[in-house]
Amino acid sequence: MKRHRLQRVYGILLEHFGPQHWWPGDSAFEIIVGAILTQNTNWQNVARAVENLKRASALSAGKLRRMNNSAVARLIRPSGYYRLKTKRLKNFLDVLHSSYGGSLARMRRAPLAALRQQLLSVNGIGPETADSILLYAFNKPVFVVDAYTRRIFSRHGLVPADASYGDIQAYCMRNLAGGSGVFNEFHALIVRLGKEYCLKTKPRCGSCPLKYEK
DNA sequence: GACCAGGCACATC
DNA sequence: GATGTGCATGGT
């Protein structure tokens, strides 16, 4: 059985950067909050917001759900779009409360396909956020596609430039063996590569570890 | 000062 | 179905 090109890309990145130990966060709940706060936002700013929540002892589903919106917004301000993201956090917390009595452990036990649909039905949770929650908070075998994935894979001719989120996700899940452990590491490596070598307008292709993969 | 960062919803055509 | 826009902070 011939190894797929995508598996070689994964091997090169793992060799080059080493394991990334994702997601940065101490608990499933912290990971979920981070997944919502990091939408179109630098991780540094998200880390500040999470730090504020911790310092205020507000990083729990119950506390956060009971806190009023302006108090939450004040704490998460550094992560940007703070009014919007306050609502998005609350929307998630409402579902967690109404469907699972506030228990992430119970939410995690829901059937994968149905849980993904439920997450996507929450206003403010789209495919990347839903899949980040499933993979990194719940350890489900789901591949996360983000802006870096699209940019890097299409520049290297792995997927067409106009491929949809679902197209890219299916391509990855079809061609990668290893399940959630590999999906976890690969996405983290893609983000690492993206940050260092595949910036939006000024890519540094010369020193990119994938340069001979074209 | 411009551009960017681990998206998403909504309006409009 | 494709395309455009608002949301907002902090770093380069």
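The values are calculated or read from the model by the stated rules, or taken from the named source; none is laboratory data. Just so you know, these numbers come straight off a predicted model, no measurement behind them. Glycine gets a Cβ as well: all are built from the backbone with ideal geometry, and neighbour counts include every protein chain shown.
Do we have residue A:130 as under 17 Å from the mean Cα position of the chain (by Cα), assigned by TED's automatic domain parsing to the domain that holds residue A:34 and without any contact (Cβ under 8 Å) to a residue 60 or more places away in the chain here? Walk me through it before giving the result.
Numbers: under 17 Å from the mean Cα position of the chain (by Cα): yes; assigned by TED's automatic domain parsing to the domain that holds residue A:34: yes; without any contact (Cβ under 8 Å) to a residue 60 or more places away in the chain: yes.
Taking the combined requirement at face value, the residue satisfies it.
Can you tell me which residue is nearest to residue A:180 (Cα to Cα) among those in the range A:44-69 that are within 16 Å of DNA strand C (Cβ to nearest atom) and outside any helix (DSSP H, G or I)?
A:56
Conditions (1) closer than 16 Å to residue A:133 by Cβ; (2) within 16 Å of DNA strand B (Cβ to nearest atom); (3) not assigned by TED's automatic domain parsing to the domain that holds residue A:118, marked per residue:
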site	(1), (2), (3)
A:48	no, yes, no
A:61	yes, no, no
A:64	yes, no, no
A:67	no, no, no
A:70	no, no, no
A:78	no, yes, no
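Yes/no matrix, rows are residues, columns are (1) part of a loop (DSSP other than H, G, I, E, B); (2) modelled with pLDDT of 95 or more; (3) more than 16 Å from DNA strand C (Cβ to nearest atom):
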| residue | (1), (2), (3) |
| --- | --- |
| A:119 | no, yes, yes |
| A:124 | yes, yes, no |
| A:129 | no, yes, no |
| A:134 | no, yes, yes |
| A:141 | yes, yes, yes |
| A:144 | yes, yes, yes |
| A:160 | yes, no, no |
| A:180 | no, yes, yes |
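Quick one: is residue A:11 within 16 Å of DNA strand C (Cβ to nearest atom), of a type in the set (Gly, Ala, Ser) and either modelled with pLDDT of 95 or more or not in a helix (DSSP H, G or I) (or both)? Even if it seems obvious, please write down each step before you answer.
Values: within 16 Å of DNA strand C (Cβ to nearest atom): no; of a type in the set (Gly, Ala, Ser): yes; either modelled with pLDDT of 95 or more or not in a helix (DSSP H, G or I) (or both): yes.
For residue A:11, the condition - within 16 Å of DNA strand C (Cβ to nearest atom), of a type in the set (Gly, Ala, Ser) and either modelled with pLDDT of 95 or more or not in a helix (DSSP H, G or I) (or both) - is not met.
Report, by residue number, each residue of the range A:63-77 that is within 24 Å of the chain's Cα centre (by Cα) and of a type in the set (D, E, K, R).
Matches in the range A:63-77: A:63, A:65, A:74, A:77.
Got a number for residues in the range A:119-140 being polar (S, T, N, Q) and farther than 14 Å from residue A:181 by Cα?
Within the range A:119-140, residues that are polar (S, T, N, Q) and farther than 14 Å from residue A:181 by Cα number 3.
Given (1) outside any loop (DSSP other than H, G, I, E, B); (2) within 13 Å of the chain's Cα centre (by Cα), identify the lone condition not met by residue A:41.
Failed condition: (1).
Can you name the residue in the range A:151-196 that is among the basic types (Lys, Arg) and within 16 Å of DNA strand B (Cβ to nearest atom) and, of all such residues, is nearest to the chain's Cα centre (by Cα)?
First pass over the range A:151-196, keeping only residues among the basic types (Lys, Arg): A:151, A:155, A:174, A:192, A:195.
If we keep only those that are within 16 Å of DNA strand B (Cβ to nearest atom) as well, we get A:151, A:155, A:192, A:195.
Values: A:151: 16, A:155: 21, A:192: 13, A:195: 15 Å.
Restricting to residues being among the basic types (Lys, Arg) and within 16 Å of DNA strand B (Cβ to nearest atom), the top hit is A:192.
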